[in-house]
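Everything below concerns the one structure shown next.
The values are calculated or read from the model by the stated rules, or taken from the named source; none is laboratory data. From a predicted model like this one, the values you see are computed outputs, not experimental measurements. Heads up, the Cβs are rebuilt from the backbone with ideal geometry, glycines too, and the neighbour counts pull from every protein chain shown. Accessible surface areas use protein heavy atoms only, side chains included; no ligands, DNA or RNA. Shrake-Rupley method; radii C 1.70, N 1.55, O 1.52, S 1.80 Å.
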Amino acid sequence: MDSSVQKYNVQLYIYDLSRGMARSLSPIMLGKQLDGIWHTAIVAYGDEFFFGGEGISSCPPGGTMLGPPDNIVELGETEVSEEIFMDYLSSLGESTYRGDAYRLFEHNCNTFTNEVSQFLTGSSIPSYITDLPSEVLSTPFGQILRPILDSIHIAPPGGNVINGGRNN
């Protein structure tokens, strides 16, 4: 193997959008314990990348209004250059991850970070994050709330949209 190949660290930033409320309220509302309502972002090449109702955005790590992450997971290293990565994100932002493609339960920030993590490192993000929507929807209360929650588009302020805003 060529030892001159540059490697870049890849991290998963995890934020609890409920700020701890899910832990205390979920047993009452859903009949099961949820530790958080997770928003995730990929940190690589010195920036934080995430998907929301505005499309794919970036900011300095911890630079959204959410502040510092609640947890950081080391996903590994990648040999993908920043230039190739930005081309990849641009392509995703024009197709799969346009802002108007955002769906809270099926196509969200966690779907994005899982796909990007697999592209960069070959590894998925933790399943407790990707399984959260099905856990919520498996409850009677989750089914009742679904029409309301489907209309929500989360876009943490503080990022710069890379590509693929909403079509109005």
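How would you order 16-22, 97-103 from highest to lowest mean count of nearby Cβ atoms within 10 Å?
Ranking, from highest mean packing down: 97-103, 16-22.
Estimate the FRET efficiency between Ile28 and Tyr88 by the formula 1/(1 + (r/R0)^6), using the beta-carbon distance for r and 45 Å for R0, to the nearest 0.05.
On the way: r = 42 Å, r/R0 = 0.94.
For Ile28 and Tyr88, the calculated efficiency is 0.60.
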- Using a 1.4 angstrom probe with every protein chain in place, what is the largest-first accessible-area order of Leu12, Leu75? Leu75, Leu12
- Message: What does the extension gain come out to for Ser4 and Arg103, with contour length at 0.36 nm per residue minus their alpha carbon separation?
- Response: 31.5 nm
- Item | Theoretical gain in end-to-end length, Ser127 to Asp35 [0.36 nm per residue, Cα-Cα removed] | 31.8 nm
- Hey, if you drop one equal point scatterer on each alpha-carbon of the chain and run the Debye formula without solvent, what base-10 log of I(q)/I(0) do you get at q = 0.10 Å⁻¹? -0.38
- Sequence-distant residues sharing a close amide H with Phe105 (under 5 Å, placed H): none
- Query: Using only Cα atoms, what Kirkwood radius does the stretch 20-78 have, in angstroms?
  - Reply: 13.4
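Using the Kirkwood formula on the Cα atoms of the stretch 46-108, what hydrodynamic radius do you get, in angstrom to one decimal?
That comes to 13.2 Å for the stretch 46-108.
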- Query: Based on the Cβ-Cβ distance from Leu145 to Met65, what FRET efficiency comes out when R0 is 22 Å, to the nearest 0.05?
  - Reply: 0.35
- Message: Given contacts defined as C-alpha pairs under 8 Å and at least six residues apart, what's the relative contact order of the chain, whole-number percent?
- Response: 31
